[in-house]
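The values are calculated or read from the model by the stated rules, or taken from the named source; none is laboratory data. Quick caveat: nothing in here was measured; it's all calculated off a predicted structure. Positions of Cβ are generated from backbone atoms using ideal geometry, with glycine treated the same way; all protein chains shown enter the neighbour counts.
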Amino acid sequence: MKTGLIKIIEKCTDSPNQPDTRFLNEHVPVDTQRKIAQTLAAAIGYDTTTKEARGRIDETEHPFTLGYYDDIRITTHYHENKFTSSIFSILHEGGHAIYDQNLPADWIYQPIGSASSYGIHESQSRYIENIIGRSPEFWAHLLPRLKAVMGDALNGVSHGQFVHAINQVKPSKIRIEADEVTYGLHVIIRFEIERNLFAGKLTIDELPQTWNEKYSEYLGVDVENDSEGVMQDTHWAGGSYGYFPSYALGNLYGGMMFEKMQKDLPQYREEIKAGNVSLITAWLAENVHSKGDIHDPLDLIEKMTGDSLNVKPFLRYLNEKYSKLYGY
């Protein structure tokens, strides 16, 4: 995965066809972003407004999802000069929430009534956030609605400009703000650190320096302080060691699911353009959510796709998408 991602990153960053992202830093008031969040939640089928709503959106420093079955809550953080941050945290956490809401009600509170694994859970969040939520088709329907809410902030921005900007490939320091391609390297860095930490090859005191060196080597960025470095995530402080690889596994699972979905739903692009994301979420519910924890994740993927876990579908998905955006 690391080798494949680095190749794609180099092609994108070396391309002369770079997006104009200045409009992504337009000032957007928090109240406006709250309206955007509700619009996006409704678009993916995460109900937070009707009498039958089983979810809600709140605010916190670090986005997360919490709850079970009929009470699933997500959080986001609004940055007034970086409005896309909350957009993609809503889509990401919404993907988690939809999975939990679609678990079989007959199995509630039983072991088989939970998710298959953290990796499968992350496949659902990153599927909605990236494969659906960063696609040209999704924004063909949503961009006009976004412009109507945001006023002058997106004046003169075309659909193509917007899609290229939100898919910019640019090495950065912060994992949750990373683009779809470089994100995997953020996870690989954490995995390698955890592995060496538990093997006794690395001490706690050495974490900041090791972190900074890996970010310089893998992503070519210089970390100025620990708040944008080793202290940026809540996982280790909360004891969630070994969780980070689930994000990378989620991407791999998602790539395989995407290839299968294209075969099962050849009309999916037209449906998303029309604003019908429910066709995709229903497919995910049937093939993933409704299975609960009957199958181990690798068995679930093989039963669904007919193939064992491999990186090729995910890399094919990235290459097809980003070669069009960057013209390589």
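Could you give every pair whose Cβ atoms fall below 7 Å, whose first residue belongs to the range 311-324 and is on the phi < 0 side of the Ramachandran plot, and whose second residue is among the charged types (D, E, K, R), counting only separations of at least 6 or pairs across chains?
What qualifies is Pro313/Glu259.
Could you please tell me which pairs satisfy a Cβ distance under 6 Å, a separation of 6+ or placement on different chains, a first residue in the range 1-15 that is farther than 13 Å from Leu185 by Cα and hydrophobic (A, V, I, L, M, F, W, C), and a second residue that is at pLDDT 95 or above and part of a helix (DSSP H, G or I)?
Cys12/Tyr322; Cys12/Tyr326
When you look at Glu129, is it modelled with pLDDT of 95 or more, among the acidic types (Asp, Glu) and under 27 Å from Arg22 (Cβ atoms), yes or no? Full working, then the answer.
Values: modelled with pLDDT of 95 or more: yes; among the acidic types (Asp, Glu): yes; under 27 Å from Arg22 (Cβ atoms): yes.
In short, yes.
Of Lys273, Lys214, Lys260, Lys170, which residue is more than 26 Å from Tyr118 (Cβ to Cβ), out of contact with any Leu (no Cβ under 7 Å at 6 or more places or on another chain) and surrounded by 16 or more Cβ atoms within 10 Å (Cβ to Cβ)?
Only one candidate passes the filter, namely Lys170.
Within the range 241-289, count every residue that is within 19 Å of the chain's Cα centre (by Cα) and among the polar types (S, T, N, Q).
The total comes to 4.
Report whether or not Lys51 is basic (Lys, Arg), under 19 Å from Val149 (Cα atoms) and surrounded by fewer than 18 Cβ atoms within 10 Å (Cβ to Cβ).
Criteria not met by Lys51.
Taking the stated definitions as given, is Ile188 among the hydrophobic types (A, V, I, L, M, F, W, C), modelled with pLDDT of 95 or more, in contact with a Lys or Arg (Cβ under 6 Å, 6 or more places away or on another chain) and closer than 20 Å to Tyr243 by Cβ? Can you show your working first?
Working: among the hydrophobic types (A, V, I, L, M, F, W, C): yes; modelled with pLDDT of 95 or more: yes; in contact with a Lys or Arg (Cβ under 6 Å, 6 or more places away or on another chain): yes; closer than 20 Å to Tyr243 by Cβ: yes.
So Ile188 passes the test.
Among the residues of the range 269-278, is there at least one that is touching a residue at least 12 places away in the same chain (Cβ under 8 Å) and within 25 Å of Pro63 (Cα to Cα)?
Within the range 269-278 (the criterion being touching a residue at least 12 places away in the same chain (Cβ under 8 Å) and within 25 Å of Pro63 (Cα to Cα)), the answer is yes, since at least one residue qualifies.
Take the residues in the range 105-159 that are assigned to a helix (DSSP H, G or I) and β-branched (Val, Ile, Thr); name whichever of them is nearest to His289 (Cα to Cα). So that I can check it myself, show each step before the final result.
Filtering the range 105-159 for residues assigned to a helix (DSSP H, G or I) gives 105-107, 111-113, 118-132, 136-154, 159.
Now restrict to residues that are β-branched (Val, Ile, Thr): 112, 120, 128, 131-132, 149.
Details: Ile112: 11, Ile120: 10, Ile128: 14, Ile131: 17, Ile132: 17, Val149: 33 Å.
Step by step, filter the range 105-159, then rank; the result is Ile120.
Would you check which residues across the range 174-211 are crowded, with 18+ Cβ neighbours inside 10 Å and assigned to a loop (DSSP other than H, G, I, E, B) and list them?
Residues satisfying the conditions are Ala178, Asp179, Glu180, Val181, Thr182.
Of all residues in the range 69-80, which are surrounded by 15 or more Cβ atoms within 10 Å (Cβ to Cβ) and at pLDDT below 95?
Matches in the range 69-80: Tyr69 only.
Can you name every residue in the range 293-303 that is surrounded by fewer than 19 Cβ atoms within 10 Å (Cβ to Cβ) and of a type in the set (A, V, I, L, M)?
Residues satisfying the conditions are Ile294, Leu298.
Listed here are the residues, each with its yes/no results for (1) touching a strand residue (DSSP E or B) at 6+ places or on another chain (Cβ under 6 Å); (2) outside any helix (DSSP H, G or I); (3) loosely packed, with under 13 Cβ neighbours inside 10 Å.
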site: Leu5; (1), (2), (3): no, no, no
site: Phe23; (1), (2), (3): no, no, no
site: Ile36; (1), (2), (3): no, no, no
site: Glu61; (1), (2), (3): no, yes, yes
site: Gly67; (1), (2), (3): yes, yes, no
